[in-house]
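Below: one structure, written as structure tokens.
The values are calculated or read from the model by the stated rules, or taken from the named source; none is laboratory data. Because the structure is predicted, anything quoted here is derived from the model rather than measured. Glycine also receives a Cβ, built like all others from the backbone with ideal geometry; neighbour counts cover every protein chain displayed.
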Amino acid sequence: MEDAVEMQGSGEIQGAGNLHNNIMENVTQNQPSSLTSGVGATDVAANEIHVVGLPPLGKKRKQNANGPRKSSPAWDHFIKLPNEIEAVAACKHCHKKYLCDPKTHGTSNMLAHTKGETIGRKVEEILREWGIRNVSTITVDNATSNDVVVAYLKKRIDNMGGLMSDGSFFHLRCCAHILNLVVRDGLKQNDLSISAIRNAVRFVRSSPQRSAKFKECIEFARINCKKLLCLDVPTRWNSCYLMLDAAEKYQAAFEKMEASMGYEMKKKYDKYWGEIENINKFIYFGVILDPRYKLGYVEWCFNDKYNDESVPFTNMINVIKKELFKLFNWYKGIHEKQHGPSTSPNEGGSFGDGVPNVEVPSHFARVEAFKEHLKQKDSIDKKK
């Protein structure tokens with residue numbers, strides 16, 4: 001029994017060795033390897049035999065979660081032309097050509113073309129269903145797909161002998177669409193004003209609460225107009241006029257609503273920043289520690305706010321300095337506990353009443369006004 005087991009084990013090992021030699025020989029000769037020598041493939045996996053020196057397998061394309069990758073439906077109507085410098089496809093029906101390089105163009109233009117043909121086939125089907133054979137004109141706008149519709153129908157109706165004359169009158173562009181393009185081009189000069197009205201109308205219509213508030217403003221302004229506010233639509237030539245006409249009737253209501261909004265905003269502002277004594281003084285420290293402005297900018301702002309009223313101005317500056325020194329002493333105490341007493345200058349020193357040395361361009365009007373104030377102050381000091 002033991003001899004049989006030993007013979008079987010040695011046979012498996014010998015078979016595995018033969019398999020390894022067979023694979024290596026086939027790799028050297030660039031031939032596909034055979035798994036029929038000595039032991040089966042399942043036995044190889046079970047004994048974890050690893051073959052060294054096999055060429056690495058190339059990366060496989062990741063499988064699509066929805067199954068095999070499908071080609072675009074545009075290729076049902078197009079054929080790729082050979083012997084072209086760039087990838088070009090031609091329509092099977094009208095022979096129109098499109099670039100179709102998948103990396104740069106794709107099939108979006110071809111799909112738009114096929115969309116037009118689909119519309120054309122549907123129109124043709126309806127004409128046949130209604131028994132209409134002779135067609136003088138077809139009216140469409142200037143969309144690209146409609147050009148395909150016209151070309152398809154012109155060819156099909158001509159084949160049926162129902163085309164009027166030589167077909168030069170067949171394509172009639174939509175007059176309303178042309179008028180819309182003319183009006184929109186003319187309104188570009190007043191685009192800012194129209195956009196402001198459009199935004200106001202959109203603001204009122206954006207929520208039921210705002211609509212209810214606007215109705216209250218209408219009643220307060222005693223406006224008897226029954227028109228509804230509406231937004232313009234780019235494809236409707238008269239929609240902009242309707243929007244402006246309705247908004248003009250409710251001008252007083254818009255002004256009332258604007259005043260009401262301003263009152264509510266002022267009320268909220270006064271709640272948090274109305275009383276200057278209640279503002280957290282830490283908000284000023286960032287400006288004071290900025291080397292471009294320092295304490296001089298804060299002093300100038302308070303002086304401008306209180307119109308040279310000395311009592312509120314002096315009180316606020318003293319409170320800010322007190323809080324700043326309080327915070328400085330707190331940091332100083334922590335530093336001395338960790339590193340011992342420091343030899344820093346006396347805390348009675350100034351926190352930068354001088355003129356900022358760094359000139360940085362600013363987009364804020366008050367900062368520019370402050371810089372002008374510093375220039376005037378410098379000129380006065382030089383004259384003295």
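Structural remarks
- In the condition set (1) in contact with a Ser or Thr (Cβ under 6 Å, 6 or more places away or on another chain); (2) farther than 30 Å from Ala176 by Cα, Glu275 is compliant with all but (1).
- If you check Gly296, Gly333 for being assigned to a helix (DSSP H, G or I), of a type in the set (Gly, Ala, Ser), in the same structural domain as His373 (by TED's automatic domain parsing) and in contact with a helix residue (DSSP H, G or I) (Cβ under 9 Å, 6 or more places away or on another chain), only one passes: Gly296.
- Number of the exception - Ile283 against (1) outside any loop (DSSP other than H, G, I, E, B); (2) surrounded by 13 or more Cβ atoms within 10 Å (Cβ to Cβ); (3) of a type in the set (Val, Ile, Thr): (2)
- The condition of being free of Cβ contacts under 8 Å to residues at least 40 places away in the same chain and closer than 25 Å to Glu86 by Cα holds for only one of Asp166, Asp101, Asp158, that being Asp101.
- Considering residues of segment 248-279 that are among the aliphatic types (A, V, I, L, M) and touching a residue at least 12 places away in the same chain (Cβ under 8 Å) only, the residue nearest to Ile218 (Cα to Cα): Ala253
- Residue match in segment 220-235 (condition: part of a helix (DSSP H, G or I), surrounded by 10 or more Cβ atoms within 10 Å (Cβ to Cβ) and of a type in the set (D, E, K, R)): no
- Which numbered condition Ile288 fails, given (1) farther than 28 Å from His373 by Cβ; (2) surrounded by 12 or more Cβ atoms within 10 Å (Cβ to Cβ); (3) at pLDDT 90 or above: (1)
- Subset of segment 140-172 that is surrounded by fewer than 13 Cβ atoms within 10 Å (Cβ to Cβ) and among the polar types (S, T, N, Q) - its residue that is farthest from the chain's Cα centre (by Cα): Ser165
- Meets criteria (in a helix (DSSP H, G or I) and of a type outside the set (S, T, N, Q)) for Cys240: yes
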